[in-house]
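> My questions will all concern the structure given below.
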């Protein structure tokens, strides 16, 4: 697990300017690779790497790494879990294998097979491969988007890439502009979906995507394509028991492959289904007590510590608990510095604390991330499908009249109520279900001059999955949007901020290839969702793991924003002359703060999104583009 960055220029590079940018990128990304860094360059390209040593701790595994043929150079972030299998299929490089890790295998595979190599890789990765002879650069991201990769065209016409936004912005070569549609998407969802980012001039690779750049005729030619997508639904030609056996075997193998490490390894344990199953399987295969970690809160409604403790005792792990108090959380400005792009998930706070605590004992941690998208575990899936079923029984004239009445209510009173969601269209309904504000095309907190049409990535994704069952449409949508845009960003930045590698067996792409073509009836039963895990592992874990109410990994933000954070929020969000004041409607902000402070409504998520937006605009000195025709 590391950080990478680099540049491809159509003209011969200005060495002094490029060196200055590289030094800035190394400083910005050093937390991702505390164990060393390296650079490779020629007249057109530069590749940089910052190393967190996990496999083969020797200098022989340092990067950027050149193939034995010297035709290819690779900078790689992540882990290739099947690298031993792949190595056995490759001819021994000239001079023999130099290392025992996965980087050399990846480098020689790309050198031997070109872009066809991507089909052979199982893992979490983002890599850059440069071919000096053809002046061709390949950028690729893993199938589920576990590892990030940002890229941008520079003012001079070059192409830059980096593991984090900060790696691109260590000088002024990339413009820093945002737009109303990106602000709208962030305020409604808490993130901006790939391939876009909150900055107009910066993009990110989508999960399972490849970018190829050529230096040709004095310029750069860029092309993008997906080398992997979620499999299409197809008729099921096996029994549920056969499918369960295949799923269980694949999950055990996924856990086993993620246990390989030359540094100490542990696991995050919440006591929920996903992390408990991963911990159980890891402990069975490890052959020694597994170290597990959980975070607790002083507010009892958010605490899962007792459940984690029960699982740890049953499995026999060496368990540690961290209690997170209001005074322990990182500051808003520090949080924005860690995350770079706009990211509004408040569970980043406990994730950061958990990663810091785990890193004091281990360098690698397993997690249960991905289980909800994989097995339909979010409560909103059931609520959405049940509501749509009820709406389908209501006469059309009645739903139309109710929608019309809902529009007459003041904007600030509406909230994200179900009145405005009276539609039988799954794409529209689910998009409204996950928004922060009322069913409008723009968040009302934005200044009226910035309210312009924006494309809802959630609605687009649901509409694009029309061939699947309703439940699998929602699972696929979150796999394409919320998982890589929110969940995985949160964990990647939090873990990398502390030099910790997090591996997620439930994000093995082979499992998603199974659930997306399964009979949807196999994924739930009378007890709820995640039925395959219940059928396979209920007898090997404490009963409450499978029958207690699901809890998200949240924080007592509602309480904190009525406590010591209340004055901070008011002071920051109502500052005259701030960048934020040019973006939001101060009247709407005051109403939100007042309603939350008085307990009239829970406005904590909206206030939190605004606090991070305020800090982000300042941190990167971002200019906001006016929409067309606004002047």
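> Can you tell me which residue among 591, 540, 534, 601 is within 30 Å of residue 382 (Cβ to Cβ), touching a helix residue (DSSP H, G or I) at 6+ places or on another chain (Cβ under 7 Å) and surrounded by 17 or more Cβ atoms within 10 Å (Cβ to Cβ)?
Answer to the selection: 534.
> Now a separate question. Out of contact with any strand residue (DSSP E or B) (no Cβ under 6 Å at 6 or more places or on another chain), at positive phi and modelled with pLDDT of 95 or more: is that true of residue 123 in this structure?
In short, no.
> Of everything in the stretch 543-555, what is in contact with a helix residue (DSSP H, G or I) (Cβ under 8 Å, 6 or more places away or on another chain) and modelled with pLDDT of 85 or more? Give them in sequence order.
Within the stretch 543-555, 544, 545, 546 qualify.
> For the stretch 61-71, does any single residue satisfy the condition of being in the same structural domain as residue 123 (by TED's automatic domain parsing), closer than 23 Å to residue 148 by Cβ, out of contact with any helix residue (DSSP H, G or I) (no Cβ under 8 Å at 6 or more places or on another chain) and surrounded by 14 or more Cβ atoms within 10 Å (Cβ to Cβ)?
Yes: the stretch 61-71 contains one or more residues that are in the same structural domain as residue 123 (by TED's automatic domain parsing), closer than 23 Å to residue 148 by Cβ, out of contact with any helix residue (DSSP H, G or I) (no Cβ under 8 Å at 6 or more places or on another chain) and surrounded by 14 or more Cβ atoms within 10 Å (Cβ to Cβ).
> Then there's this: Quick check: is even one residue across the stretch 184-201 modelled with pLDDT of 95 or more, assigned by TED's automatic domain parsing to the domain that holds residue 20, more than 20 Å from the chain's Cα centre (by Cα) and buried (at least 19 other Cβ atoms within 10 Å of the Cβ)?
Looking through the stretch 184-201, none of the residues is modelled with pLDDT of 95 or more, assigned by TED's automatic domain parsing to the domain that holds residue 20, more than 20 Å from the chain's Cα centre (by Cα) and buried (at least 19 other Cβ atoms within 10 Å of the Cβ).
> Condition check: touching a helix residue (DSSP H, G or I) at 6+ places or on another chain (Cβ under 8 Å) and modelled with pLDDT of 95 or more. Does residue 55 satisfy that?
When the stated conditions are applied, residue 55 does not pass them.
> Just the residues that are in contact with a helix residue (DSSP H, G or I) (Cβ under 7 Å, 6 or more places away or on another chain), crowded, with 24+ Cβ neighbours inside 10 Å and not in a helix (DSSP H, G or I), please, taken from the stretch 503-516.
Listed by number, the list holds a single entry, 508.
> Modelled with pLDDT under 80 and either buried (at least 17 other Cβ atoms within 10 Å of the Cβ) or not assigned by TED's automatic domain parsing to the domain that holds residue 192 (or both): which single residue out of 411, 455 fits that description?
On inspection, the qualifying residue turns out to be 411.
> Take the stretch 126-151 and flag every residue that is in contact with a helix residue (DSSP H, G or I) (Cβ under 6 Å, 6 or more places away or on another chain) and on the phi > 0 side of the Ramachandran plot.
If the condition is that a residue be in contact with a helix residue (DSSP H, G or I) (Cβ under 6 Å, 6 or more places away or on another chain) and on the phi > 0 side of the Ramachandran plot, then 145 is the only one that fits.
> Write out, first by first residue and then by second, each pair whose Cβ atoms fall under 6 Å of each other, whose residues are 6+ apart or on separate chains, and whose first residue, in the stretch 581-595, is without any contact (Cβ under 8 Å) to a residue 40 or more places away in the chain and in the same structural domain as residue 564 (by TED's automatic domain parsing) while the second is surrounded by 14 or more Cβ atoms within 10 Å (Cβ to Cβ) and assigned to a helix (DSSP H, G or I).
The qualifying pairs are 593/570.
> To continue, here is another question. Only one of 444, 484 is in contact (Cβ under 8 Å) with a residue 60 or more places away in the chain, in a helix (DSSP H, G or I) and crowded, with 18+ Cβ neighbours inside 10 Å. Can you tell me which?
Result of the check over 444, 484: 484.
> Right, residue 117: modelled with pLDDT under 95, farther than 27 Å from residue 344 by Cα and surrounded by fewer than 24 Cβ atoms within 10 Å (Cβ to Cβ) or not?
Spelling it out, it is not the case that residue 117 is modelled with pLDDT under 95, farther than 27 Å from residue 344 by Cα and surrounded by fewer than 24 Cβ atoms within 10 Å (Cβ to Cβ).
> A follow-up question, please. Where residues in the stretch 211-225 are loosely packed, with under 12 Cβ neighbours inside 10 Å and part of a strand (DSSP E or B), which of them is nearest to the chain's Cα centre (by Cα)?
So the residue we want is 225.
> In this structure, is residue 11 in a loop (DSSP other than H, G, I, E, B) and surrounded by fewer than 16 Cβ atoms within 10 Å (Cβ to Cβ)?
Yes, satisfied.
> Would you check which residues across the stretch 260-284 are closer than 18 Å to residue 502 by Cβ and either free of Cβ contacts under 8 Å to residues at least 60 places away in the same chain or surrounded by fewer than 19 Cβ atoms within 10 Å (Cβ to Cβ) (or both) and list them?
260, 261, 262, 263, 264, 269, 283
> Just a yes or no: is a residue in the stretch 514-527 touching a strand residue (DSSP E or B) at 6+ places or on another chain (Cβ under 8 Å) and assigned by TED's automatic domain parsing to the domain that holds residue 294?
Among the residues of the stretch 514-527, at least one is touching a strand residue (DSSP E or B) at 6+ places or on another chain (Cβ under 8 Å) and assigned by TED's automatic domain parsing to the domain that holds residue 294, which makes the answer yes.
> Run residue 167 past the list (1) closer than 22 Å to residue 616 by Cβ; (2) surrounded by fewer than 18 Cβ atoms within 10 Å (Cβ to Cβ) and report the number of the one that doesn't hold.
Going through (1) closer than 22 Å to residue 616 by Cβ; (2) surrounded by fewer than 18 Cβ atoms within 10 Å (Cβ to Cβ) one by one, residue 167 breaks only (2).
> So which helices (runs of 4 or more DSSP H) are wholly in the stretch 517-609 and hold at least 2 residues that are farther than 30 Å from residue 284 by Cβ?
Where helices (runs of 4 or more DSSP H) fall fully within the stretch 517-609 and carry at least 2 residues being farther than 30 Å from residue 284 by Cβ, they are 557-560, 564-573, 586-597.
> Turning to a different aspect of this structure: Please work out if residue 36 is closer than 30 Å to residue 365 by Cα, without any contact (Cβ under 8 Å) to a residue 40 or more places away in the chain and in contact with a helix residue (DSSP H, G or I) (Cβ under 9 Å, 6 or more places away or on another chain).
So residue 36 fits the description; yes.
> Suppose the filter is under 26 Å from residue 53 (Cβ atoms) and at pLDDT below 95; does residue 322 pass it?
Taking the combined requirement at face value, the residue satisfies it.
The values are calculated or read from the model by the stated rules, or taken from the named source; none is laboratory data. Note that the structure is a prediction, hence the values are computed from the model and not measured. Ideal geometry is used to build each Cβ from the backbone, glycine not excepted, and the neighbour counts take in all protein chains shown.
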